[in-house]
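Comments concern the structure below.
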Amino acid sequence: RSVFRGKWYQRIFQINFETRTLRIALPKNSGINIEAASGNGSISVSELSLGTLSLNSDNGKISLKNIICRSSYLKSSNGRITLEGVRTVNGGNITAAPANGKPSLKDISSNSVSAKASNGSVELLRVDAPTIELRSANGAVIGSVCRDMKEYYIKSSAENGKNNLPKSQSGANR
């Protein structure tokens, strides 16, 4: 018979506060497609050239930095989505859709960018995409583009927050 040597509350609750990290190393220019999901952990991808990137997190942050890919789809229920230095090729698209988190996109180049948040602000800095669609139900929409604003098709809305971008604008073809 074994004797329990933990605290009294450890018999009732089995809570694990351990942090577990899974690191996957890939060749820098692998071109592979990646699909990953996390329940309560963050997902971070950096310094890679990939095919299609599809990431989903229930309660963790999704972060992309210095990525080249054909397209990316990022979804989070309760986590922030951050992209910096992301570029799509071959007419690719970027979609960032946190339900309760803030999508933040900085130094982005793509065919189209879509960022939608139910509860959180949407922030774009130096985005270059002919088509930009942004929406926040309960937060601000703040953005800047790389060229003259008239060159972009922009559709944006902030139902309960400020919006510094046009609600609807047809840009010139590039």
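The values are calculated or read from the model by the stated rules, or taken from the named source; none is laboratory data. Quick caveat, the model's predicted, so the values are computed rather than measured. Cβ atoms come from the backbone with ideal geometry, glycine included; neighbour counts cover every protein chain shown. Note: accessible area is taken over every heavy atom of the protein model, side chains too, but ligands, DNA and RNA are not part of it. Shrake-Rupley method; radii C 1.70, N 1.55, O 1.52, S 1.80 Å.
Of note:
- Length gained on full extension, ASN160 to ARG147: 1.9 nm, using 0.36 nm per residue less the C-alpha separation.
- Using the Cα coordinates of the range 25-127, the gyration tensor eigenvalues translate into equivalent-ellipsoid semi-axes of 20, 16, 10 Å, sorted from longest to shortest.
- Listed by chain and number, the lysines whose C-alpha is less than 25 Å from the C-alpha of LYS106, apart from same-chain residues fewer than 8 away, are LYS28, LYS61, LYS65, LYS75, LYS116, LYS150, LYS155, LYS162, LYS167.
- Dimensions of the range 112-161 based on its C-alpha atoms, expressed as ranges along the principal axes with the largest first, amount to 28, 14, 14 Å.
- Dipole of the range 24-174 [Lys/Arg +1, Asp/Glu -1 at C-beta], most positive-end residue of GLY143, PRO98, PRO27: GLY143
- Check: the range 34-125 dipole with +1 on Lys, Arg Cβ and -1 on Asp, Glu Cβ, in debye: 120
- With protein chains left intact and a 1.4 Å probe, residues in the chain average 61 Å² of accessible area per residue.
- In this structure, SER44 and SER170 have a Cβ-Cβ separation that, at R0 = 30 Å, corresponds to a calculated FRET efficiency of about 0.25.
- Whole-Hz ³J(HN,Hα) from phi, Karplus 6.51 cos²θ - 1.76 cosθ + 1.60, for the range 137-142, glycine and proline x: 6, 9, x, 7, 10, 10
- Here the range 73-130 is treated with +1 on each Lys and Arg Cβ and -1 on each Asp and Glu Cβ, and its dipole about the Cα centre works out to around 140 debye.
- Surface accessible to a 1.4 Å probe, LYS28 within the full protein complex, Å²: 120
- Note on the chain: with neighbouring protein chains present and a 1.4 Å probe, carbon and sulfur make up 46 percent of its accessible heavy-atom surface.
- Modelled this way, with points 7 Å down the Cα-to-C-beta line, the labels at ASN138 and ASN100 are 0.9 nm from one another.
- Estimated dipole of the chain in Debye, rounded to 20 [Cβ of Lys and Arg +1, of Asp and Glu -1, Cα centre]: 580
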